[in-house]
1. What's the total number of residues in segment 1-30 that are surrounded by fewer than 13 Cβ atoms within 10 Å (Cβ to Cβ) and either within 16 Å of Val75 (Cβ to Cβ) or among the polar types (S, T, N, Q) (or both)?
2. Against the definition (within 21 Å of Lys139 (Cα to Cα) and within 16 Å of the ligand (Cβ to nearest atom)), how does Arg106 come out, yes or no?
3. Among the residues that make up segment 61-82, is at least one of them closer than 28 Å to Ile29 by Cα, part of a strand (DSSP E or B) and of a type in the set (D, E, K, R)?
4. Are any residues in segment 31-40 of a type in the set (S, T, N, Q) and open to solvent by 50 Å² or more (accessible area, probe 1.4 Å), and if so, which ones?
5. Being open to solvent by less than 50 Å² (accessible area, probe 1.4 Å), touching a strand residue (DSSP E or B) at 6+ places or on another chain (Cβ under 6 Å) and within 15 Å of the ligand (Cβ to nearest atom) is the filter here, so list the residues in segment 66-88 that pass it.
6. Which residue out of Ile102, Ile154, Ile181, Ile132 is at pLDDT 95 or above, open to solvent by 60 Å² or more (accessible area, probe 1.4 Å), among the β-branched types (Val, Ile, Thr) and within 18 Å of Gly81 (Cβ to Cβ)?
7. Looking only at segment 96-134, count how many residues are without any contact (Cβ under 8 Å) to a residue 12 or more places away in the chain and among the aliphatic types (A, V, I, L, M).
8. Across segment 41-65, which residue is surrounded by the most Cβ atoms within 10 Å (Cβ to Cβ) among those that are more than 16 Å from the ligand (Cβ to nearest atom) and farther than 24 Å from Phe167 by Cβ?
Amino acid sequence: MKIGILAVQGAFIEHKHILDSLGIESFEIRQKKDAMSDFDGLILPGGESTVMNKLLRELDIFETLKKKINSGLPVFGTCAGVILLSKKVKNDNFLCFESADIEVERNAYGRQLGSFLAKEEFNDSEIKMSFIRAPKITKTGKGVEVLARVNGDIVAARDKKQLMTTFHPELNTDIVHKYFIEMIKGI
Ligand code: GLN
């Protein structure tokens, strides 16, 4: 199994460290030829979604990844990565892959509460969840499974082969990456 990690901006290296520790091969996607190579799963990291959206198009990676996601490549988006996948951004006017049947609100916790740590259950394990200027998943379509909540807000969800967390699991735990690996294997 080989996982591609989008590495044009943001917190991609931490994902690689987690995958290394789990013995899973991974590589960084920085240009079109990386995106065109063969791999079994894709990670869209946290960072700045507007910048990533722009770079994806400037580097001519966008169409290649969009096609792969649309044809069922398993994808795991964290924080800004969730925004890139969502069909609707409530408080902004850009869209990227539009593949996940969710609506998000960017920077939804405001400035005061821009960053915080929570502890909640994900797939029967209690894990630490780091939120950094995180979005909220404000609506989910019929086929979307909610995997975790913090104070009632959806913080992890799955739309078929797309896994999404509004927090940064790569900073605290390997539990969500293990779930993603199982998700890839199950296909
Ligand atoms: N605030 C960022 C955005 O809207 C997301 C932050 C993050 O990925 N940690 O794109």
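The values are calculated or read from the model by the stated rules, or taken from the named source; none is laboratory data. Quick caveat: nothing in here was measured; it's all calculated off a predicted structure. Because the Cβ atoms are built from the backbone with ideal geometry, glycine has one as well, and the counts that use them run over all protein chains shown. What goes into the accessible areas is simple: the full protein's heavy atoms, side chains included, and nothing from ligands, DNA or RNA. Shrake-Rupley method; radii C 1.70, N 1.55, O 1.52, S 1.80 Å.
1. Residues meeting the conditions: 1.
2. Against the criterion (within 21 Å of Lys139 (Cα to Cα) and within 16 Å of the ligand (Cβ to nearest atom)), Arg106 qualifies.
3. No, every residue in segment 61-82 fails to be closer than 28 Å to Ile29 by Cα, part of a strand (DSSP E or B) and of a type in the set (D, E, K, R).
4. Residue satisfying the conditions is Gln31 alone.
5. Within segment 66-88, Phe76, Gly77, Thr78, Gly81, Val82, Ile83, Leu84, Leu85, Ser86 meet the criteria.
6. Ile132
7. Number of matching residues: 1.
8. Among those residues, the one meeting the criterion is Ile61.
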